[in-house]
Amino acid sequence: VQLQASGGGSVQAGGSLRLSCAASGRTFSTYDMGWFRQAPGKERELVGFSWNVGMSAVANSVKGRFIISRDNAENTLYLYLNSLKPEDTTIYYCAAKIAGTTTYTDWGQGTQVTVSS
């Protein structure tokens, strides 16, 4: 599946953004989806996860601030970033894996989020 991430930008601390990940080429509803981020010098972090059947979860580090959702009819994954902090600054990537498997096989190009204090 081909993935196109968008929606990043520059905001002040406390602001919000909505990231989108548009999928094409395969049946979106057969894929589990994830949002990742990786700051320079740090390990890649799974920020949010959406099972193909619709259930989702976010990492403890962003719980209460970020929300992940998907629209299978629109072939799109979303990540709502609220109450943003400077430490949320980095590139965010969406990724897909066939439902029930363990390895993400398809990645979007990433979208930059910059939060200023």
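Among residues other than THR27 with Cβ under 15 Å from its Cβ, the summed charge is -1 (Lys and Arg +1, Asp and Glu -1). For segment 16-84, the orientation-averaged shadow of the C-alpha convex hull comes to 5.1 nm² (one quarter of the hull surface). Under a model in which nothing but the beta-carbon of Lys, Arg (+1) and Asp, Glu (-1) is charged, the chain shows a dipole of about 120 debye around its Cα centre. Projected label points at TRP107 and MET55, each 7 Å from Cα along the beta carbon direction, are separated by 2.8 nanometres. Straight-line cross-link partners of LYS85 among the aspartates and glutamates, defined as a Cα under 19 Å from its Cα and at least 8 positions apart when in the same chain: GLU43, GLU45. Counting only residues at least eight positions apart within a chain, or on another chain, the lysines with an alpha carbon under 27 Å from that of LYS97 are LYS42, LYS63. Scaling the Cα radius of gyration of the chain by the globular reference 2.2 N^0.38 Å produces a ratio of 0.99. For the chain, modelled as a GNM whose springs connect Cα atoms under 10 angstrom apart, the maximal fluctuation among ARG70, ARG37, ARG18 occurs at ARG18. Taking the chain as a Gaussian network of alpha-carbon nodes connected by springs under 10 Å, the highest mean-square fluctuation of the residues ALA96, ALA13, ALA73 belongs to ALA73.
None of the figures in this text is laboratory data; all of them are computed from the coordinates on show. Remember, predicted model here, so these are calculated numbers, not experimental data. Ideal geometry is used to build each Cβ from the backbone, glycine not excepted, and the neighbour counts take in all protein chains shown.
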